[in-house]
Every structure is written in C-alpha cells, then in structure tokens.
Amino acid sequence: MCGIVGYLGSKKTKDILLDGLSELEYRGYDSAGIAVLQNNNFSVFKAVGKLVNLQEKAATFDPSGFAIGIGHTRWATHGKPTELNAHPHLGESSYVVHNGIIENYAALKRNLQEDGIKFLSQTDTEVIVHLFEKELKSSGSVFNAFTKTISQLHGAFAILLVTKSESDTIFFAKQGSPMIVGRDTEDEKYFASSDTPLIGKCSEVIYLDDGDYGYVTPSEISIFDKNAHKKAPHFSKLSTNKLSAQKNGFRFFMEKEIYEQSEVIIDTLMGRISDNEINFEELDSNLFEGINEIKLCACGTSYHSALASSYLFERYAKIRVSVEIASEFRYKEPLLCKDTLFVAISQSGETADTLETLKMAKEAGLKTLVLCNVDNSSMVRLADASILTRAGIEKGVASTKAFATQVVVFWMLTLYIAKIKNSLTPNEIEKQISLLREIPSVLQIKDGLHEKITRLSKRYLHGHGFFFIGRDVFYPLALEGALKLKEISYLHAEGYPSGEMKHGPIALADPELFTIALLPQHMLYEKSKSNVEELSARDSTICAISPIEFDKADDYIKISNVRDYMLEFFEMMVIVQLLSMEIAIRLGNDVDMPRNLAKSVTVE
Ligand code: F6R
C-alpha cells in the first residue's frame, strides 16, 4: 500500500523524507520518489524498485537550510510501476503525492485534456496537480485553488501538495485514507500516512479526520473540516514503539489484517463499480470473445477463493467453470481448448506451481488472466491480462485480506461477464452491485464479537479434530476456515460439504469432534441445519455460526441479519479467521510466523 511523508523545516530535508519512506517499506511498494522545494527551486528524484535506488539517485543532493519536501512509496494501482507513474507528480510548478484512488479521475482527465493539458503518467493522481494549476489561474489565492481542487475529487485520498506559488507551505487533504500531521519545535512540521515515520521525530501529532484539509507554514497549522469550518488542532502524544505502531496497536499483523479488510475492500471496489455496471479498465472487452469455459487454477487459500467463485460464475454469468489445484493440474496432462479462458489466482504472483500452469496455458494458446495482489510479479508479467486485488502487503503468513479481496474481484468479474453475456437483467446487476457496496460495512467487526470469540476459543484447544462444514459457497469458506486453523494452531481441521458428512466422516462424531457449522439463512438453511442436527445427534460438539439461533449447538456465534448469502459469507469469513487466531494465540503460537510455512512458495 502506498505511503506518504512530508517535512517543512530547516533540518536535513532529504534525509528526513528518505528515513520516513524507509519506515513505510513494511507496507510494500514498487517505486518511490521525493520532491524538495528550496529557494523556489524544485529538486525531484524518482526510482522504480527498492528505496536504495532512490537513495542512490539522490546521493549528491544535500539541501541545507529551510526547505519543504514531500515523498511517496507507490504500490501500483493505476498504471505500471515505472518512474513516470511514481509520485510526486508534476504540473507546471507544483508537485503532488497521493494515497487512495480518485474515482472520477477519468472524467476529470478528459476535461483537462480538452483544455490542452498533457499528461505524463497513467495515474489517477496526476489529475490533482493539473486541476490545482487550472484553478490557480482563476482563483484569488493558492489555498482557494487547493480547496476548489479537492472539492471536485471523488473517492478516497490523502494528499500533500507543494507549489512555487507559495514556497513555504504544504497543502494537505484527507478523505478516507490516513494522514497525520506532526510537530516538534514550533517552526517544524511533519506529515505521514502512518505513525512509524514520525516516531522519534515529533513529540505530538494530529490524526486528521475524514474531510479535513488545510495547510502548514513555519508559523501555523490551519485545519478546516468537511464543512469548511476552521478547527482547533488537537494534538496527541505519539507512541514510541515502532513495531507496535506498524501493527497499529494490534498484537499480530494477522489481527491487524483481519481488521483492515473492511478498508481494503473499499480500495478493491474503487473505480470499478458504478450504479449499474462493473468496469475493469485493465481488461480488453474482447478478452471474453469466443470463450465458452473458464478454468481457475491456484494453490491454498487462493484455490479456495477460486472455488467459492466458481459457484458465482455458473450462477450469475452462466458460464462453465472448472477449478484446479495447480500442483495437480501440472501433471494431469489436461485437455486445453482454445475456447477456455485460463485464470490463475495468486496473492504473491510468484507461487511456482501456479506460475507453471500459467505457462502451460500460454503454450497451449489459451487466453490468460491473472488475479493478483502484486503488480509486476512474474504472473502479472506473463499473463495476457491482470486484475490487481489491491489488498496491500500482507505480512501474516496466514492469508486473510488477500482472500477477501480475491473473492470480491471474482464477484465483480462474474457481473462483468454477466453483462457481456446478458445472463443477468440490468436490475439484477444493479442489485448485485448494491450488495458489493455493503461488503465494507459487513466486514467491520461489531462490538463484543471479538471478545465473545476470544471467550469461546478456550473450549476448542483439544479434541481429536475439527470439521468446518458448509454448503454452496460456504463449503469453500469451510475449507478456508479449516486451513486457517491448521496453519496457525497446528490442530487437525478439515473443511467438508455439510451434505457429505453422512457419507463417511460422521463416523468420527463424538464429543471430542468439534464441528464449526456455517449456517447462513439465505443459502440452503434447512438442508444445512439437518446436516448439523445429524452431527449433534451423535454428540459432536458444535459451534454454529448463523443469524438464526440454533438450539442443537453447544456454542452459537450470531451474525447480522443481512439481505444476501454473499454478505453472510463475508461476515462468517471474519468469524472463522478470528476464531482460528484466538485458538492459536491461546495455544501460545506465533500466528504471524507459523512453523514450517513461508509467505511465498517459489518451489514446487
Ligand atoms: C494460506 C496461504 C497459502 C497461499 C498459497 C498460494 O494462508 O496463504 O495457502 O494461499 O501458498 O499462495 P499465492 O496466493 O501467493 O499463490
């Protein structure tokens, strides 16, 4: 995920910016840049890849005395990781850095281009600086131009802007993306998109609220709220522990990433949904021409997201789908036909088995698509087309938010194809899109839920095994729940289709067999309930996850009364992730680095 830093003062501006960016490295990035304004002259450096490349480029640059500067680490969303696409972005005499996504950038860009403005990059960010300079020509003041600019932006953003027109000022705005202003001595100001770059540099900080915007100068911090009312700055003391700041106060990265899911889905959806259609700018509409079948191929958690999606593809897009485990697919001598679209799914884009299957598909002349979280990864480079899931870097080895974003992208892709194939009516597509918009709120962890799961977890630390069971998309979710639990707790767990239990596994049922039953009200409730009752009758210990209280269960975790099974899917996903994590923590395990596992599996 992108990171922002800013500095105004008389210390070593370049070093402060580069140090700040290095504190943001843990978030993941693929290019970086800084712009420093001193004596009305800009010095700008950008580099693709690791920060050391940027440091090398700026090695001989040594500004001393008063300066203002902004810096950025970029995790590509719009446009490839190139120097031209790296921030800061230039207008005529101003630079901007930005986190988030400007949803209406395409329309703004068209208007600016009609006015004769030339764009250098493929990013959404560049519109901000051109819009600002256009407003500057007709506005009475620089701040007025900045205010008018941000009022035209839709989406989520955190922005810093510096301009020769006011060379002792940094302008800022925050909407849906974090931004912090810090100060040490009175005439020195800092900015960062998270605490870590500020630790050890500032004593006090202001956590900006959504809708806040303003400017800082050596003598002043001016903040306005979303209603344009001036706010009194509210300073807080800054934590001194960097690792805990990186974890945002959570005990583990995995926990932070579970909580982050609501926020990252906003990024996943951004710019891709309107009221009545799905728009994947990265896809050529003829990708689906002549395609009669989709083959999804992946490993582990990514395989589970593919399996869940296969239900959606057939249900909504009415297209034949098969799902393959990459390590099996490689050697089964598969029949590959040219009317099949081959889709590889991978968080990292580097998993050896999945990468090899992608090569096989290409060699067989199939059209290929990759769903991936890492731009410029091997799979993204190899496939004909790619869709980025925009989960940001995932540090916990057990995948959580990457899975959530994969399912969301697949759901959108289903609707995208449904539109091409006319398999859903416009009204049905609109309804599905309105459901997609509800995912972020469904993923917010409700008061008391985590505490309840922590309490329950103490009853599930022993036994001879777990069965996670569900039907339809809740079966792949059951597989994913079981995988999460075994990865981090080292307890034996299996995912099973609820209806299959009586064909064998029910023989294991006794009080020491723990069943985690996924019982959504909007998908085969009565049938799933009967399957759980069969287990309850044989004395298996049951934890039911459902919006409807279930009296045959030993434990019950209630989900909300949402209006569709896919919303129930996401709420249950969070619960199985938290339950697995709390069991593992009680067992004393390091849930971020479970034994024997690696984050990226680049060997066969
Ligand atoms: C489990 C997990 C793994 C990965 C698998 C594929 O939590 O993360 O099962 O899903 O190794 O990795 P990617 O998605 O990077 O191809």
Q) Any idea which of (1) within 25 Å of residue 106 (Cβ to Cβ); (2) crowded, with 24+ Cβ neighbours inside 10 Å is the one residue 139 doesn't satisfy? A) (2)
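Could you list, in sequence order, the residues of the stretch 403-428 that are within 16 Å of the ligand (Cβ to nearest atom) and either more than 11 Å from residue 260 (Cβ to Cβ) or in a loop (DSSP other than H, G, I, E, B) (or both)?
Residues of the stretch 403-428 that are within 16 Å of the ligand (Cβ to nearest atom), as a first pass: 403-410.
Answer for the stretch 403-428, where residues must be within 16 Å of the ligand (Cβ to nearest atom) and either more than 11 Å from residue 260 (Cβ to Cβ) or in a loop (DSSP other than H, G, I, E, B) (or both): 403, 406, 407, 408, 409, 410.
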Q: Just name the residue that is surrounded by the fewest Cβ atoms within 10 Å (Cβ to Cβ) out of those in the stretch 229-255 that are of a type in the set (Lys, Arg) and in contact (Cβ under 8 Å) with a residue 60 or more places away in the chain.
A: 251
(Q) I'd like to know if the stretch 420-430 contains one or more residues that are touching a Leu at 6+ places or on another chain (Cβ under 9 Å), closer than 20 Å to residue 518 by Cβ and not small (Gly, Ala, Ser). (A) no
Q: Please determine, by comparing only the residues of the stretch 477-534 that are in contact (Cβ under 8 Å) with a residue 60 or more places away in the chain and charged (D, E, K, R), which one is surrounded by the fewest Cβ atoms within 10 Å (Cβ to Cβ).
A: 487
Q) Regarding residue 583, is this residue more than 16 Å from the ligand (Cβ to nearest atom) and either at pLDDT 95 or above or part of a loop (DSSP other than H, G, I, E, B) (or both)? A) no
Q) Looking at the stretch 493-513, is at least one residue assigned to a helix (DSSP H, G or I) and basic (Lys, Arg)? A) yes
Q: Considering (1) on the phi < 0 side of the Ramachandran plot; (2) within 18 Å of the chain's Cα centre (by Cα), say which one residue 248 fails and leave the rest.
A: (1)
Q. Hey, among the residues in the stretch 305-323 that are open to solvent by less than 20 Å² (accessible area, probe 1.4 Å) and not hydroxyl-bearing (Ser, Thr, Tyr), which one's nearest to the ligand (Cβ to nearest atom)?
A. 306
Q) What number of residues within the stretch 356-367 satisfy the criterion of being of a type outside the set (A, V, I, L, M, F, W, C) and more than 15 Å from the ligand (Cβ to nearest atom)? A) 4
Q | Within the stretch 371-396, considering residues that are in a loop (DSSP other than H, G, I, E, B) and of a type in the set (S, T, N, Q), the one farthest from the ligand (Cβ to nearest atom) | A | 376
Q: From (1) in contact with a strand residue (DSSP E or B) (Cβ under 6 Å, 6 or more places away or on another chain); (2) open to solvent by 20 Å² or more (accessible area, probe 1.4 Å), pick out the condition that doesn't hold for residue 427.
A: (1)
Q | All positions within the stretch 535-548 that are at pLDDT 95 or above and surrounded by fewer than 19 Cβ atoms within 10 Å (Cβ to Cβ) | A | 547, 548
Q) Here is a list of conditions, (1) more than 24 Å from the chain's Cα centre (by Cα); (2) within 19 Å of residue 586 (Cα to Cα); (3) among the aliphatic types (A, V, I, L, M), and residue 424 meets all of them except one; can you say which number that is? A) (2)
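Within the stretch 31-69, work out how many residues are of a type in the set (Val, Ile, Thr) and either over 18 Å from residue 94 (Cβ atoms) or surrounded by fewer than 23 Cβ atoms within 10 Å (Cβ to Cβ) (or both).
4
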Q: Would you point out the residue of the stretch 332-355, among those that are free of Cβ contacts under 8 Å to residues at least 60 places away in the same chain, within 26 Å of the chain's Cα centre (by Cα) and open to solvent by 10 Å² or more (accessible area, probe 1.4 Å), that is nearest to the ligand (Cβ to nearest atom)?
A: 347
Q) If residue 461 satisfies every condition in (1) open to solvent by less than 10 Å² (accessible area, probe 1.4 Å); (2) in the same structural domain as residue 535 (by TED's automatic domain parsing) but one, which is the exception? A) (1)
Q. Would it be correct to say that residue 399 is under 19 Å from residue 319 (Cα atoms) and assigned to a loop (DSSP other than H, G, I, E, B)?
A. no
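Suppose the filter is more than 18 Å from residue 479 (Cβ to Cβ), of a type outside the set (Phe, Trp, Tyr) and at pLDDT 95 or above; does residue 564 pass it? Spell out the reasoning first.
Values: more than 18 Å from residue 479 (Cβ to Cβ): yes; of a type outside the set (Phe, Trp, Tyr): yes; at pLDDT 95 or above: yes.
Against the criterion (more than 18 Å from residue 479 (Cβ to Cβ), of a type outside the set (Phe, Trp, Tyr) and at pLDDT 95 or above), residue 564 qualifies.
Kindly establish whether residue 413 is in contact with a helix residue (DSSP H, G or I) (Cβ under 6 Å, 6 or more places away or on another chain) and at pLDDT 95 or above. Outline the logic, then answer.
Numbers: in contact with a helix residue (DSSP H, G or I) (Cβ under 6 Å, 6 or more places away or on another chain): no; at pLDDT 95 or above: yes.
So residue 413 fails the test.
Each row is one residue, and each column tells you yes or no for (1) among the charged types (D, E, K, R); (2) in contact with a helix residue (DSSP H, G or I) (Cβ under 7 Å, 6 or more places away or on another chain).
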{"position": "503", "(1), (2)": "no, no"}
{"position": "567", "(1), (2)": "no, yes"}
{"position": "573", "(1), (2)": "no, yes"}
{"position": "586", "(1), (2)": "yes, yes"}
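Looking at the stretch 378-389, can you tell me whether even one residue there is out of contact with any Pro (no Cβ under 6 Å at 6 or more places or on another chain), touching a residue at least 24 places away in the same chain (Cβ under 8 Å) and over 30 Å from residue 156 (Cα atoms)?
Filtering the stretch 378-389 for residues out of contact with any Pro (no Cβ under 6 Å at 6 or more places or on another chain) gives 378-389.
In the following step, the residues that additionally are touching a residue at least 24 places away in the same chain (Cβ under 8 Å) were identified as 378-380, 382-389.
Checking which are over 30 Å from residue 156 (Cα atoms) leaves us with 382.
There is at least one residue in the stretch 378-389 that is out of contact with any Pro (no Cβ under 6 Å at 6 or more places or on another chain), touching a residue at least 24 places away in the same chain (Cβ under 8 Å) and over 30 Å from residue 156 (Cα atoms).
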(Q) If residue 271 satisfies all but one of (1) touching a strand residue (DSSP E or B) at 6+ places or on another chain (Cβ under 6 Å); (2) more than 24 Å from residue 388 (Cα to Cα), what's the number of the condition it fails? (A) (2)
Q. Got at least one residue in the stretch 587-598 being touching a residue at least 24 places away in the same chain (Cβ under 8 Å), away from the ligand (no atom under 16 Å from the Cβ) and farther than 14 Å from residue 481 by Cβ?
A. yes
Q. What tally of residues in the stretch 7-58 results from selecting those that are in contact (Cβ under 8 Å) with a residue 40 or more places away in the chain and in a helix (DSSP H, G or I)?
A. 12
(Q) Among the numbered criteria (1) touching an Asp or Glu at 6+ places or on another chain (Cβ under 8 Å); (2) touching a residue at least 24 places away in the same chain (Cβ under 8 Å), which one does residue 558 miss? (A) (2)
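The values are calculated or read from the model by the stated rules, or taken from the named source; none is laboratory data. In this text, all values refer to a predicted model and were calculated from it rather than measured experimentally. Note that each Cβ is placed from the backbone with ideal geometry, even for glycine, and that neighbours are counted across all protein chains shown. Side chains are part of the model used for accessible areas, which takes the heavy atoms of the whole protein and leaves out ligands, DNA and RNA. Shrake-Rupley method; radii C 1.70, N 1.55, O 1.52, S 1.80 Å.
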